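Novice: Here it is: the structure, laid out below.
The values are calculated or read from the model by the stated rules, or taken from the named source; none is laboratory data. Since the model is a prediction, treat every value here as computed from it, not as a measurement. Positions of Cβ are backbone-derived with ideal geometry, glycine not excepted, and every protein chain shown enters the neighbour counts. Calculation scope for accessible area: heavy atoms of the full protein, side chains included, ligands and nucleic acids excluded. Shrake-Rupley method; radii C 1.70, N 1.55, O 1.52, S 1.80 Å.
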Amino acid sequence: MDHLFILSICSRVIMPLSVEEYKVGQLYSVAMMSKNETGGGEGVEILVNEPFENEELGKGQYTHKIYHLAKKVPRFIQMLAPKGSMEMHEKAWNAYPYCRTVISNPEYMKDNFMLKIETWHKPDKGEIPNVHNLSADLLAKRDVVFIDIGNDPVSNYNPKEDPSKFKSTKTGRGMLTGDWQKDVSPHMCAYKLVTIEFKWWGLQGRVEAYTLKAERRLFLNFHRQLFCSLDEWYGMTMDDIRELERKVKDELNKRRLEDELRGTMEK
């Protein structure tokens, strides 16, 4: 009998940006990270990037991507998974300030795996206790993790992506040291709820440990990069972002098929 394993993690990331600035910076950083993680047959393939509208979420932008990850997952998964099975599908509905991302593996894990990331972006410092409106039962089981982009330690340290050393020439913001969150202005918080559903008996503990580690590292590194690239995207419009995304889509296909392997490798 299949055993359904469900894990919920809530991460809160305070940023020295306004909610509207974050919208542009997030999309810019996603595009740049996709380029940096793509090459040698691995990385990001964008299938769809188009406007959507529905009754539940309203209007926004829908994307469908495939992550080719055969050499980028932990070795214990590489050993279990047959060749070609490590293609993760990401479907995302960006109805900013709310975003929903669902990651699955339809070719191999099918209904046995689903990872969902729901994010609310609010002009505060993470004080809302239940922004995702969880039930009392889920609220009691939820783990809350605060991420400090200025002080939390990182692996694979890059001095160019260190908010404690970066100072924006366009905005004067930075360096993020000590108790920088106390008086920072502007500010906003990304409330991220990660839910994973997993039905493979015997691997729940390893999946839980890997998810906790991987999601925290991803959110920390991504937001450090987002802030330290502030002078690259500050002042860009949404029209600028959509044009950038169109160019990146074409470049990703070329890099994935022709370039050398890039980006983060798991051990």
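Novice: Applying the selection to the stretch 129-154, what residues are assigned to a loop (DSSP other than H, G, I, E, B) and either among the basic types (Lys, Arg) or under 21 Å from Cys228 (Cα atoms) (or both)? Outline the logic, then answer.
Specialist: First, the residues of the stretch 129-154 that are assigned to a loop (DSSP other than H, G, I, E, B): 129-135, 142, 148-154.
The answer is Arg142, Asp148, Ile149, Gly150, Asn151, Asp152, Pro153, Val154.
Novice: Let me ask another. Do we find that Ala31 is within 14 Å of the chain's Cα centre (by Cα) and either surrounded by 18 or more Cβ atoms within 10 Å (Cβ to Cβ) or at pLDDT below 95 (or both) in this structure? If you could, list the steps in order and put the result at the bottom.
Specialist: Working: within 14 Å of the chain's Cα centre (by Cα): yes; either surrounded by 18 or more Cβ atoms within 10 Å (Cβ to Cβ) or at pLDDT below 95 (or both): yes.
Yes, satisfied.
Novice: Now a separate question. In this structure, does Tyr157 turn out to be open to solvent by 60 Å² or more (accessible area, probe 1.4 Å), without any contact (Cβ under 8 Å) to a residue 12 or more places away in the chain, assigned to a loop (DSSP other than H, G, I, E, B) and hydroxyl-bearing (Ser, Thr, Tyr)? Talk me through it step by step, then tell me what you get.
Specialist: Details: open to solvent by 60 Å² or more (accessible area, probe 1.4 Å): yes; without any contact (Cβ under 8 Å) to a residue 12 or more places away in the chain: yes; assigned to a loop (DSSP other than H, G, I, E, B): yes; hydroxyl-bearing (Ser, Thr, Tyr): yes.
For Tyr157, the condition - open to solvent by 60 Å² or more (accessible area, probe 1.4 Å), without any contact (Cβ under 8 Å) to a residue 12 or more places away in the chain, assigned to a loop (DSSP other than H, G, I, E, B) and hydroxyl-bearing (Ser, Thr, Tyr) - is met.
Residue-wise test of (1) at pLDDT below 85; (2) more than 25 Å from Gly150 (Cβ to Cβ); (3) of a type in the set (A, V, I, L, M).
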{"residue": "Trp201", "(1), (2), (3)": "yes, yes, no"}
{"residue": "Gly205", "(1), (2), (3)": "yes, yes, no"}
{"residue": "Glu208", "(1), (2), (3)": "yes, yes, no"}
{"residue": "Leu212", "(1), (2), (3)": "yes, no, yes"}
{"residue": "Arg224", "(1), (2), (3)": "no, no, no"}
{"residue": "Cys228", "(1), (2), (3)": "no, no, no"}
{"residue": "Gly235", "(1), (2), (3)": "no, no, no"}
{"residue": "Lys247", "(1), (2), (3)": "no, yes, no"}
{"residue": "Asp250", "(1), (2), (3)": "no, yes, no"}
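Novice: Within the stretch 106-122, can you find the residues that are surrounded by 14 or more Cβ atoms within 10 Å (Cβ to Cβ) and either under 27 Å from Pro51 (Cβ atoms) or among the β-branched types (Val, Ile, Thr) (or both)?
Specialist: Met114, Leu115, Lys116, Ile117, Glu118, Thr119, Trp120, His121, Lys122
Novice: Also, quick follow-up: If you go through the stretch 169-189 one residue at a time, do you hit one that is open to solvent by 30 Å² or more (accessible area, probe 1.4 Å) and under 19 Å from the mean Cα position of the chain (by Cα)? Walk me through it before giving the result.
Specialist: Taking the stretch 169-189 first, the residues open to solvent by 30 Å² or more (accessible area, probe 1.4 Å) are 169-173, 175, 177-179, 181-183, 185-187.
Still in the running and under 19 Å from the mean Cα position of the chain (by Cα): none.
Within the stretch 169-189, not a single residue is open to solvent by 30 Å² or more (accessible area, probe 1.4 Å) and under 19 Å from the mean Cα position of the chain (by Cα).
Novice: Now, a different point. Could you please give the count of residues in the stretch 123-147 that are open to solvent by 30 Å² or more (accessible area, probe 1.4 Å) and over 30 Å from Glu53 (Cβ atoms)? Explain how you work it out, then say what you get.
Specialist: Initially, the stretch 123-147 is screened for residues open to solvent by 30 Å² or more (accessible area, probe 1.4 Å), giving 123, 125, 127-130, 132-146.
Filter once more, so that each one left must be over 30 Å from Glu53 (Cβ atoms): 125, 127, 129, 136-137, 139-146.
Total meeting the criteria: 13.
Novice: Next up: Suppose we filter the stretch 206-234 for residues that are of a type in the set (Lys, Arg) and either open to solvent by less than 10 Å² (accessible area, probe 1.4 Å) or in contact with a helix residue (DSSP H, G or I) (Cβ under 8 Å, 6 or more places away or on another chain) (or both); how many remain?
Specialist: Quick first cut of the stretch 206-234, residues of a type in the set (Lys, Arg) only: 206, 213, 216-217, 224.
Adding the requirement that they be either open to solvent by less than 10 Å² (accessible area, probe 1.4 Å) or in contact with a helix residue (DSSP H, G or I) (Cβ under 8 Å, 6 or more places away or on another chain) (or both) leaves 206, 224.
Result for the stretch 206-234: 2.
Novice: Any residue in the stretch 122-141 that is within 20 Å of Leu7 (Cβ to Cβ) and in contact (Cβ under 8 Å) with a residue 24 or more places away in the chain sitting within a Cβ distance under 8 Å of a residue that is hydrophobic (A, V, I, L, M, F, W, C) and open to solvent by 70 Å² or more (accessible area, probe 1.4 Å)? List the pairs, counting only those 6 or more apart or interchain.
Specialist: Short answer, once both residue conditions are applied: Val131/Trp120; His132/Trp120.
Novice: Looking at Gly126, is it within 20 Å of the chain's Cα centre (by Cα), part of a loop (DSSP other than H, G, I, E, B), at pLDDT 95 or above and at positive phi?
Specialist: It is true that Gly126 is within 20 Å of the chain's Cα centre (by Cα), part of a loop (DSSP other than H, G, I, E, B), at pLDDT 95 or above and at positive phi.
Novice: Can you confirm whether Glu243 is crowded, with 16+ Cβ neighbours inside 10 Å and either at pLDDT 95 or above or touching a strand residue (DSSP E or B) at 6+ places or on another chain (Cβ under 8 Å) (or both)?
Specialist: Values: crowded, with 16+ Cβ neighbours inside 10 Å: no; either at pLDDT 95 or above or touching a strand residue (DSSP E or B) at 6+ places or on another chain (Cβ under 8 Å) (or both): yes.
Taking the combined requirement at face value, the residue does not satisfy it.
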